[in-house]
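Below is one structure, written out as structure tokens, with a few remarks after it.
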Amino acid sequence: MASSSSPLTSSLHYRSRFGDTTLTKVFVGGLAWETPTAELRRFFEQFGEILEAVIISDKITGRSKGYGFVTFRDPESARRSVADPNPVIDGRRANCNIAAFGRRRPSPPRGVYDIMRCAFPRALVL
């Protein structure tokens, strides 16, 4: 088991001052640099009680990095907030997902072999 000072207690369980945020912390990317934390909070309040909303800034310049995190009190609120993975926040299309699960990956492009296998399944069986 990880020490109490470790933010990561297992591959999917994150500890914070709010306890285990595995299913309650939402990553929000694609934010406009000018989007304030208050606007991030205002947008996500429609989904449930927010414990924390933060926009990540560059440590040297103080400028927004264009992404942030919203931590909800309960997993159901977080789940509702990512039902639309590309909401418009402060006039810009963002991308959202449960932070512990990482970004959604697009399906790999279908290659010629895949297309041929679908069109002629028995011909390609070895």
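The values are calculated or read from the model by the stated rules, or taken from the named source; none is laboratory data. These numbers were taken from a predicted model, which means no experiment stands behind them. We place every Cβ from the backbone using ideal geometry, glycine too, and count neighbours over all the protein chains shown.
So if I check each of V125, V88, V54, V112, which one is at pLDDT 95 or above, more than 30 Å from D20 (Cβ to Cβ) and not hydroxyl-bearing (S, T, Y)?
Residue meeting the stated conditions: V88.
State which residue is surrounded by the most Cβ atoms within 10 Å (Cβ to Cβ) when the search covers only the stretch 51-63 and only residues that are without any contact (Cβ under 8 Å) to a residue 24 or more places away in the chain and charged (D, E, K, R). Step through it out loud before you land on a result.
First pass over the stretch 51-63, keeping only residues without any contact (Cβ under 8 Å) to a residue 24 or more places away in the chain: 53-54, 56-62.
Now restrict to residues that are charged (D, E, K, R): 58-59.
On the way: D58: 9, K59: 7.
Filtering first and then ranking leaves D58.
Would you tally the residues in the stretch 23-52 being in a loop (DSSP other than H, G, I, E, B) and over 14 Å from V82 (Cβ atoms)?
Selection size over the stretch 23-52: 7.
Which residues, counting only those in the stretch 81-98, are more than 13 Å from L31 (Cα to Cα) and either buried (at least 16 other Cβ atoms within 10 Å of the Cβ) or hydrophobic (A, V, I, L, M, F, W, C) (or both)?
Selection gives S81, V82, A83, N97, I98.
Under 7 Å between Cβ atoms, at least 6 apart or on separate chains: pull out the pairs that start in the stretch 64-79 with a residue that is within 12 Å of T21 (Cβ to Cβ) and end on any residue that is surrounded by fewer than 16 Cβ atoms within 10 Å (Cβ to Cβ) and of a type in the set (V, I, T).
Taking only residues 6 or more apart or on different chains, the pairs are F69/V54.
Return the total of residues in the stretch 80-100 being free of Cβ contacts under 8 Å to residues at least 60 places away in the same chain and not in a loop (DSSP other than H, G, I, E, B).
As a first pass, look at the stretch 80-100 and keep what is free of Cβ contacts under 8 Å to residues at least 60 places away in the same chain: 80-88, 90-91.
Pick out the ones that are also not in a loop (DSSP other than H, G, I, E, B) and you get 80-81, 88.
Number of matching residues: 3.
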